Amino acid sequence: MPILDRRKDRFIDDQDKRVSVGIDFPLARVGGGDGYFKTTKTTVESIKNNIKLLLQTEQGERLFQPALGMNLRSVLFNQITEDSRIEIENNIVDTFNTWLPFVELRQIDVDTGRQDQNQIKINITFNIKRAPNSLDSVQVTFDGVGGGDITTTETTAGVTTSGTTSGGAY
């Protein structure tokens, strides 16, 4: 007879650090016996990776799932107005409702202050629907000058981490 886990936050409370939740991106080999690739240890880390990858993926880029993605790189070289900023925010909301329905978006900030360098910063504050009291944020910077670097910044409980991916999402 199975034992049912009736904890309220059973999908959020990652107590066992020996268990990996997902693969961490960008892909990197890790030595030391914890598997071949670097992995995420918590659900929140995995969701942050999902958000970053969803924002960085172009529609049509993923085989057999042509609707997956955001097409944000195409906006980099257009003139950005208040209407296009609202369109980006609406596109993010629609895409998250389709591909990440377990994430509740609290705030979306689209910063286009460096238009002369074709740069867009998107900061998303979110929580997991099953844990409404935990807020996290992910910031993704799309830089169209100099090879299209993508800088990500994550904030969890006041701790900020950063990373840069060059040349694309993968």
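Below, the figures for the structure above:
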| quantity | calculated |
| --- | --- |
| Pairs, first at positive phi in the stretch 48-60, second open to solvent by 30 Å² or more (accessible area, probe 1.4 Å) and assigned to a loop (DSSP other than H, G, I, E, B), C-beta under 7 Å, six or more apart | Gly60/Pro66 |
| In the stretch 82-127, the residues that are aliphatic (A, V, I, L, M) and over 15 Å from Lys48 (Cα atoms) | Ile86, Ile88, Val93, Val110, Ile120 |
| Residues satisfying the stated conditions in the stretch 62-84, i.e. under 20 Å from Phe142 (Cα atoms), surrounded by fewer than 14 Cβ atoms within 10 Å (Cβ to Cβ), over 18 Å from the mean Cα position of the chain (by Cα) and not hydroxyl-bearing (Ser, Thr, Tyr) | Phe77, Asn78, Gln79, Glu82, Asp83 |
| In the stretch 18-58, residue most open to solvent (accessible area, probe 1.4 Å) [restricted to those that are closer than 19 Å to Val138 by Cα and among the basic types (Lys, Arg)] | Lys41 |
| Test: Arg130 is of a type outside the set (A, V, I, L, M, F, W, C) and in contact (Cβ under 8 Å) with a residue 60 or more places away in the chain | yes |
| Selection count where residues are touching a residue at least 24 places away in the same chain (Cβ under 8 Å) and either in contact with a Lys or Arg (Cβ under 6 Å, 6 or more places away or on another chain) or within 26 Å of Ser134 (Cβ to Cβ) (or both), scope the stretch 73-100 | 7 |
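So that you can scan it fast, the table gives a plain yes or no per residue for (1) open to solvent by less than 80 Å² (accessible area, probe 1.4 Å); (2) hydrophobic (A, V, I, L, M, F, W, C):
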residue	(1), (2)
Gly60	yes, no
Ile86	yes, yes
Arg106	no, no
Thr112	yes, no
Lys129	no, no
Pro132	yes, no
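The values are calculated or read from the model by the stated rules, or taken from the named source; none is laboratory data. Keep in mind the model is a prediction, meaning the values are calculated, not measured. Here the Cβ is made from the backbone with ideal geometry for all residues, glycine too, and neighbour counts use every protein chain on show. The accessibility values were calculated without ligands, DNA or RNA, using every heavy atom of the protein model including side chains. Shrake-Rupley method; radii C 1.70, N 1.55, O 1.52, S 1.80 Å.
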